[in-house]
1. Within segment 133-183, count every residue that is closer than 26 Å to D77 by Cβ, modelled with pLDDT of 95 or more and not polar (S, T, N, Q).
2. Consider M38 against the criteria (1) assigned to a loop (DSSP other than H, G, I, E, B); (2) closer than 21 Å to T61 by Cα: it satisfies all of them except one. Which criterion is unmet?
3. Is there a residue in segment 10-25 that is under 18 Å from the mean Cα position of the chain (by Cα), surrounded by fewer than 16 Cβ atoms within 10 Å (Cβ to Cβ) and polar (S, T, N, Q)?
4. Can you tell me which residue in segment 255-276 is surrounded by the most Cβ atoms within 10 Å (Cβ to Cβ), limited to those that are among the charged types (D, E, K, R) and within 22 Å of the chain's Cα centre (by Cα)?
5. Tell me which of these S59 doesn't satisfy, since it passes every other one: (1) in contact with a helix residue (DSSP H, G or I) (Cβ under 6 Å, 6 or more places away or on another chain); (2) of a type in the set (S, T, Y); (3) in contact (Cβ under 8 Å) with a residue 60 or more places away in the chain.
6. Inside segment 293-324, can you point out the residues that are under 24 Å from the mean Cα position of the chain (by Cα), touching a residue at least 60 places away in the same chain (Cβ under 8 Å) and either assigned to a loop (DSSP other than H, G, I, E, B) or within 18 Å of P269 (Cα to Cα) (or both)?
7. Could you list, in sequence order, all residues of segment 96-115 that are touching a helix residue (DSSP H, G or I) at 6+ places or on another chain (Cβ under 7 Å) and outside any helix (DSSP H, G or I)?
8. Looking for whichever is in a strand (DSSP E or B) and out of contact with any Gly (no Cβ under 6 Å at 6 or more places or on another chain) here; the options are L133, L157. Which one fits?
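The values are calculated or read from the model by the stated rules, or taken from the named source; none is laboratory data. Remember, it's a predicted structure, so these values are computed and weren't measured experimentally. Cβ placement follows ideal geometry from the backbone for every residue including glycine, while neighbour counts extend to all protein chains displayed.
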Amino acid sequence: MRYIDIRSDTVTQPTPAMRRAMAEAEVGDDVYGDDPTMAELEALAAQMTGKEAALFVPSGTMGNQLAIMTHTSRGDDVLCGRGAHIFVHEVGASAVLSGVTLNPIVSADGILYPELVAAAIREEDIHCPPSTLLCVENALATGDAVPQAVMEETCDLARSHGMHIHMDGARLFNAAAALDLDAKTLAAPVDSVMFCLSKGLCAPVGSMLAGPADFIARARKNRKLLGGGMRQDGVLAAPGIIALREMTLRLGEDHQNAALLGDLLDQIPGVRVRRQKHPINMVFFTLDAPEEVQLTLQDRLLDRGIKANGRSEGEFRFVTNHDVTPGDLGEVARAMRDILS
């Protein structure tokens, strides 16, 4: 049975071209630095983000944590958004691995504006840890992209206080598509950037961390410390190259499908879709329905061949991706209408 899977864009399957590339990849030993396919991927990632060098990591979480570990010293204060992935979804790794304090900033729309960052920077006092790193996100977990002008102002403010800046760009290329800018432009204000190959870009495994050459050299050693040294990893780099060269060009389709799904859901009585200013491939909505219906919606959709996540913090989230068609979204809307009626 074929399921319509709108839980996340992490569920995308590698394309036939990716599977062929994996089987045919020229490989070496990456710890020795002689896997040519991985070298090609890392050079391509650096070029596309406008950075000197890049490093392949198994996951976005590892990429973010390597950035924190490499930018900071133990006891430092790291600023981030209250809804940031490093604060909410990375298992407290910053404290465990790097010995730093996360200083979460509350923002009504999730965007870290300069005045919010300025107010959060710790004063120079014997009692206070130094604020040395700002972690920003683009796109946000809210399904919105951060306007470039705001990002530049915020990064300028942080840099004026001597801080390094890391961008969690898990969906960097979605943000680029939403803002009609290239990834290099979005990453220009920050020192380092992480982006995922395994979300909407369809690669089966991996993320990239990019930044200055000396930073990436230190991050590579820290990756080894964490057990992330890999051998013939060209089989993972091969689909990553296709992801960057080809799949980044089609993300607008996922955004269009998300807009279509939002419109279809908005027509259903009891569904209230939250609209974003610069939307990517996510549709957030609430239900005006009995609690029993809300708690069982996930199971009822599964009975109709639709995989979706349950409610989280009062909202539902559907995510479009490469493997979901406009026709599938019509099926989702019909199932929602039947369930809610």
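1. Summing the residues that are closer than 26 Å to D77 by Cβ, modelled with pLDDT of 95 or more and not polar (S, T, N, Q) in segment 133-183 gives 28.
2. Of everything listed in (1) assigned to a loop (DSSP other than H, G, I, E, B); (2) closer than 21 Å to T61 by Cα, M38 misses just condition (1).
3. Among the residues of segment 10-25, at least one is under 18 Å from the mean Cα position of the chain (by Cα), surrounded by fewer than 16 Cβ atoms within 10 Å (Cβ to Cβ) and polar (S, T, N, Q), which makes the answer yes.
4. The first filter runs over segment 255-276 and keeps only residues among the charged types (D, E, K, R), leaving 263, 266, 272, 274-275.
Adding the requirement that they be within 22 Å of the chain's Cα centre (by Cα) leaves 274-275.
Working: R274: 16, R275: 12.
Among residues in segment 255-276 that are among the charged types (D, E, K, R) and within 22 Å of the chain's Cα centre (by Cα), the one surrounded by the most Cβ atoms within 10 Å (Cβ to Cβ) is R274.
5. If we test S59 against (1) in contact with a helix residue (DSSP H, G or I) (Cβ under 6 Å, 6 or more places away or on another chain); (2) of a type in the set (S, T, Y); (3) in contact (Cβ under 8 Å) with a residue 60 or more places away in the chain, just (1) comes out false.
6. Selection gives A308, N309, R317, F318, T320, N321, H322, D323, V324.
7. V100, L102, N103, P104, I105, S107, I111, L112, Y113
8. The match here is L133.
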